[in-house]
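All remarks here apply to the structure that follows.
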Amino acid sequence: QVQLVESGGGLVQAGGSLRLSCAASGRTFSSYVMGWFRQAPGKEREVVAAISWSAISTYYADSVKGRFTISRDNAKNTVYLQMNSLKPEDSAVYYCAADSDGVFNIRVVVHQSGYDYWGQGTQVTVSS
């Protein structure tokens, strides 16, 4: 079983940056596909980015391409989301998720149902 804990959220000005971290417990973390999702008030949870265990394969939502970078350090059991050039529409609760089957399939990682484990979320607020 895996437990995920997000950190690094906060309040930033538009154009600023934040780096989110997701610390995972579990000996099989390094083989998991990891993803970041976000949910704003009144909206459904949506995928932001995903990364394979090797970090060779990544996915980014169109809305964040060129601004956000997902990465992982398997030795530290941690996945990161570097968020640059933040916009007010990026404001949301950001969730870390893990898929234990270890297979990176674009048609799976973009959906909430493709993940087995979830963190509690961290709030990101971008002011104008």
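Just wondering, is there one or more residues in region 34-49 that are under 14 Å from the mean Cα position of the chain (by Cα), β-branched (V, I, T), modelled with pLDDT of 95 or more and over 17 Å from V5 (Cβ atoms)? Break it down stepwise before answering.
Residues of region 34-49 under 14 Å from the mean Cα position of the chain (by Cα): 34-39, 45-49.
Those left that are additionally β-branched (V, I, T): 47-48.
With the extra rule that they be modelled with pLDDT of 95 or more, the set shrinks to 47-48.
Going one step further and asking which of them are over 17 Å from V5 (Cβ atoms), we end up with 47-48.
Yes: region 34-49 contains one or more residues that are under 14 Å from the mean Cα position of the chain (by Cα), β-branched (V, I, T), modelled with pLDDT of 95 or more and over 17 Å from V5 (Cβ atoms).
In the set (1) touching a strand residue (DSSP E or B) at 6+ places or on another chain (Cβ under 9 Å); (2) modelled with pLDDT of 95 or more, the condition left unmet by V2 is number (2). Answer yes or no as to whether Y60 is more than 11 Å from V124 (Cβ to Cβ) and either in contact (Cβ under 8 Å) with a residue 24 or more places away in the chain or touching a Lys or Arg at 6+ places or on another chain (Cβ under 8 Å) (or both). The answer is no for Y60. The set of residues in region 23-46 being open to solvent by less than 20 Å² (accessible area, probe 1.4 Å) and either over 14 Å from D99 (Cα atoms) or in contact with a His (Cβ under 7 Å, 6 or more places away or on another chain) (or both) consists of R38 alone. Among the residues of region 82-110 satisfying the criterion of being of a type in the set (V, I, T) and open to solvent by less than 40 Å² (accessible area, probe 1.4 Å), which is nearest to G10 (Cα to Cα)? Among residues in region 82-110 that are of a type in the set (V, I, T) and open to solvent by less than 40 Å² (accessible area, probe 1.4 Å), the one nearest to G10 (Cα to Cα) is V93.
How many residues are under 19 Å from A92 (Cα atoms) and either open to solvent by 30 Å² or more (accessible area, probe 1.4 Å) or not hydrophobic (A, V, I, L, M, F, W, C) (or both) if we restrict to region 47-58? Step through it out loud before you land on a result.
Quick first cut of region 47-58, residues under 19 Å from A92 (Cα atoms) only: 47-50.
Still in the list and also either open to solvent by 30 Å² or more (accessible area, probe 1.4 Å) or not hydrophobic (A, V, I, L, M, F, W, C) (or both): none.
Residues in region 47-58 being under 19 Å from A92 (Cα atoms) and either open to solvent by 30 Å² or more (accessible area, probe 1.4 Å) or not hydrophobic (A, V, I, L, M, F, W, C) (or both): 0 in total.
Just one of the listed residues (G102, G119) is under 22 Å from L18 (Cβ atoms) and either among the small types (G, A, S) or at pLDDT 95 or above (or both), and it is G119.
Against the test of being surrounded by fewer than 21 Cβ atoms within 10 Å (Cβ to Cβ) and at pLDDT 95 or above, the options V12, V64, V79 yield a single qualifying residue, V12.
The values are calculated or read from the model by the stated rules, or taken from the named source; none is laboratory data. Predicted model, so just to flag it, every value in this text is computed and none were measured. Ideal geometry is used to build each Cβ from the backbone, glycine not excepted, and the neighbour counts take in all protein chains shown. Ligands, DNA and RNA are excluded from the accessible area calculation, which covers all protein heavy atoms including side chains. Shrake-Rupley method; radii C 1.70, N 1.55, O 1.52, S 1.80 Å.
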